[in-house]
Structure formats: structure tokens, C-alpha cells
Amino acid sequence: MGSAIQCCSNTNESDSNFLLDKNSELILPLNLSIQDILNIKQNPEYLEVQSGEFRDERNKQNEFKCFKLRVYASYDEQMFPIWVEKGTRLKFRVSGLWSLYNDEDSKKVKVDSLGDENQEERVLNNRIGCLLGRISGGPIFPINNNTEIVSMNKGCLFLFQNNGVYETHPKGFLNVSLVGGRIYSYSEIEKVGKWPYALLNTGNNFTELLFQEKDLIYLINKLRYDPSMFCDQYLNHLTEMNDHYDLCCQEIISFNKLRNVDMGNNSVYDKENMRIDVNKTPTNDSNYNNFSNVQPVKDTHNTSNYDQNSVLNKLNTIAKEFILIHDPRLQGISRERSERRQYVDTMDDNHKKDEETSLLDMLKSQNLNCSLYCEICTYGKSSAIGILAQLLIDDDHLNNNANRESLINGNYTHIGVSIHEHNIYEWSCSIILANLSEDYEGEDQNDNFDNNFDNNNNMENDGEYVDNNDLVHDDENL
């Protein structure tokens, strides 16, 4: 294994294998957090492969290559570039140890894929620290050194250490040999998973953005584009964790009422689930997921009152209305505000820093004519999915309803995000949402959010400060 480790910050590639030598067969997760990547760069052994760590084997028909996956101990689920079709048999072999409780107040414990046998507490019906997997949209399953499953659905492979909501301070990695599935790139996985990757990934071509910042914009747009499918892929499997996940999913899906439109009696649009209804779509392609590629089929549907171009134009219009466009000026403001907060010691000091120059003044300085705007801040996470989950899901001390409303509010048109180091909480994230449309005529921004904002107080949570509802509102519109 060579030592060619490249910085991920400005790459346009979603594949984490930029950390590896070109000749390496080791497969890393696609969605590593900034902290995970720093840990890898500081610990070269995290990329090394020792003899005997992986078992290079084939199935009986020799149909699938044995993939060598490295799963890092982390709070986040790790997405691998492995696509699995429904009915595929997957065969796992696991080796190595990773550790829990790597802090000053606890005794460090090394465990294998079975997790911590001394803890009676169970998370997702499994031991803390064990290795779990899932195929996107499907149920969670435990993985040990002889696990074989038949996939109940098709999707991308996710693997992760089972930490739940606990501060376990995980470190290390496990090696997983996998027989089954196919290697796909990030964009290929998203497209085959029915997401319009190019349309939603509006920050992809901006070199000043970190990959995790691009991914955060992309995930927020996925949430806005299809709330139901977003919950299927990222949240529904966690509803057993606690009631907050289930309530979050219910509330997110209820936001679909914001985009209900009359498409006519022959609508191909499933308003409840925000999807194309293939059964009503005049096409032979059951995998159809591109509005512009519909081909009519003669004599199979009653299309006497069906205006195909009109329906497709409406579909494209609806989708684009909910997509946030990355704006470099908002991103610059977001980064400046994150840098300001880096060395403050308390949340009160954070707010004092913010008051030195208000968000309104900073928007004015960039000549931004926005009639609706807000800032959402969160602390402690450095991965896109970790940040977004922290903003969406309530806990026992915090109601995130205002964040959910803001992130899915169709009146916002543009976004700027910044993930930055923080002196106390390791990482902070600033998300600025704004309406930069000149013809927007909406209610005053304070009327939309004040009732929820007043109920969302900043709370301490197990030693990690979570200031998820730092919405910034100014009485004066630009």
C-alpha cells in the first residue's frame, strides 16, 4: 500500500478512493466525514492492508468478485459503491477490532463485529458497537464473520458501527470481504436509485466547496424533491431507535401537501409520494426516471385528453421550484460566519459574534436582494448526512420543527453552506437559505417562523452542545 493520500476538499469526485493508490483494491465509503478523513490521514495504518486480513474467495458460480471493504468506526452510516439487485445472495466475512469509549472518562473497549457483550443496552435490537448493514430502503441486518443474506430489495450497500444516539467516541476499522453485488460510481448509484443526480447536485461544479458541503446541498435537495423517497433511503430504518425518528418521517412526508397540483384526470404524477407513476406513464420502460425521455406507446392507454408535453413541463417546473441553487455569495457569508465562531467558548459568545455584523448587513454588503432569508447552525458533525439528521430529528430536549419547515420551504430558492472547525465542538455548520427571486411576494419572514423559534431553546445534550435552531431573522426586509 502506497502513501499517496490526496486532499478531498476540492475534488468533484464523490468516490472516497481518491485516498488510495491507483493499484489498491481496497474500497472505502463514498460519504466519509471530514473528521473521518482527518483520522485516516493522521493514521496511515487506516489505509494499509496486511496479509490475511481479507479472504479472497468466489461464490460457486464464480459470478461475483470478492470486494475488499474497509468500514471505519463512526457515528455515521457509510455508503459503499456496491449496487445490489433484489434476490442477490450476499456473503460477508469480517476481521479486525474497532474500539469504543475513547475518551478520558471511560475505559476503552475493543470489540469485533459482534459489539460490546458487556453492555445490556440494545440499539436497533443489537449490541452497541456491532457491525450493521442495510440495502437502501430495506431493513437493517447484523453482520458477523459468516453472515449470508438474500437481499429483499435493490439498492446501495450501507455498513456502519451501531452507536445509536450514544457518545461512544468510536475509533478504528473492520475489514469486510463481500461476495455479491456490483461496483457502481456515486452518480450511477444515484441515477439507478431514481434520483436526478445532475439536477439536484447544484454545488457539484464549484471548486471552492468541500465534498461534504456539496453533498449536504445535494441531500437537502433530495429531501425537498421527494420527501417520501428521502425517508425511505435515510430515515425509515431508524424509526425503531426512538419515537423522534418516526415523528420526523411523518412530518416530512406531510410536507408533500405543499406541492399538490392539479395535473388533470390522466395525471402521471403521484401527488402523495412525489413520484412518477410508472403504471400511468405512456412508456415501455419500467425503469423510466427521466421526464424528458418519455416515449408514447400506441393503443395501450387512453390518451385522448392527455397532453404529454404539458404534463412533463409541469413536472419539470414543480421539481425545479423546490431545488435550491448553490450561490457563491451566500456560501461566502456562511463561511465568514463559521470562521467567526471558531474560537468562541460558549453559545452566548457565538451569538455576540453574530450580532457584531448581522446577517442582514452581510447580505446587503453583497447586494443581495432577498425578501426571505434565514441561517441554520449546527455543531459537532462533519458529514453531510450527520448534519442533516441532526437538523431534522428531535431529541428529548430539542424540537426541530422550525428547521424542518425551513429546509423544505419552497419559497427559498438559493443556498450557501459552510462546514468549519470549531474550538469547542470540533465542527460547526452554517446553512443560509434565501429567496433571491426578484418577483417573490411572500409573507414577512418573521411571521413564518417566530412561533416555532420561540419554543426551541438551546440545550446541552450529553456533553455535546446542539444548537440546531439558530435561525437568524431581522425585522427589516432588504
Candidate set from region 106-145 (those that are open to solvent by 40 Å² or more (accessible area, probe 1.4 Å) and small (Gly, Ala, Ser)); member that is nearest to residue 32 (Cα to Cα): 137
Entirely in region 167-261, the helices (runs of 4 or more DSSP H) that have 2 or more residues that are open to solvent by 50 Å² or more (accessible area, probe 1.4 Å) and among the charged types (D, E, K, R): 186-192, 243-254
Residue in region 243-258 that is over 19 Å from the mean Cα position of the chain (by Cα) and acidic (Asp, Glu) present: yes
Complete set of residues in region 95-118 that are in contact (Cβ under 8 Å) with a residue 40 or more places away in the chain and part of a strand (DSSP E or B): 95, 98, 99, 100, 110
First in region 239-254 and touching a residue at least 24 places away in the same chain (Cβ under 8 Å), second anywhere and among the charged types (D, E, K, R), Cβ under 8 Å, 6 or more apart: 244/394; 244/395; 247/394; 248/394; 248/404; 251/404; 252/404
Whichever residue in region 414-426 is open to solvent by less than 30 Å² (accessible area, probe 1.4 Å), out of contact with any Phe, Trp or Tyr (no Cβ under 7 Å at 6 or more places or on another chain) and of a type outside the set (A, V, I, L, M) and, among such residues, is nearest to residue 337 (Cα to Cα): 418
Flag if residue 148 is open to solvent by 10 Å² or more (accessible area, probe 1.4 Å), in contact (Cβ under 8 Å) with a residue 60 or more places away in the chain and farther than 30 Å from residue 322 by Cα: no
Wholly within region 326-415, helices (runs of 4 or more DSSP H) carrying at least 3 residues that are farther than 22 Å from residue 31 by Cβ, at pLDDT below 85 and among the charged types (D, E, K, R): 347-356
Lone qualifier among 85, 63, 57 - being closer than 23 Å to residue 149 by Cα and either at pLDDT 95 or above or surrounded by 13 or more Cβ atoms within 10 Å (Cβ to Cβ) (or both): 85
Matching option when the condition is modelled with pLDDT under 95 and over 22 Å from the mean Cα position of the chain (by Cα), among 163, 125: 125
Index of the failed condition, residue 163 passing every other in (1) part of a loop (DSSP other than H, G, I, E, B); (2) closer than 30 Å to residue 195 by Cα; (3) open to solvent by 10 Å² or more (accessible area, probe 1.4 Å): (3)
Every residue from region 122-145 that is over 23 Å from residue 192 (Cα atoms), touching a residue at least 12 places away in the same chain (Cβ under 8 Å) and out of contact with any Phe, Trp or Tyr (no Cβ under 7 Å at 6 or more places or on another chain): 123, 124, 125, 126, 127, 129, 130, 131, 142, 144, 145
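The values are calculated or read from the model by the stated rules, or taken from the named source; none is laboratory data. All of these numbers come straight from a predicted model, not from anything done at the bench. Heads up, the Cβs are rebuilt from the backbone with ideal geometry, glycines too, and the neighbour counts pull from every protein chain shown. To get the accessible areas, we keep the full protein, side chains included, count just its heavy atoms, and leave off ligands, DNA and RNA. Shrake-Rupley method; radii C 1.70, N 1.55, O 1.52, S 1.80 Å.
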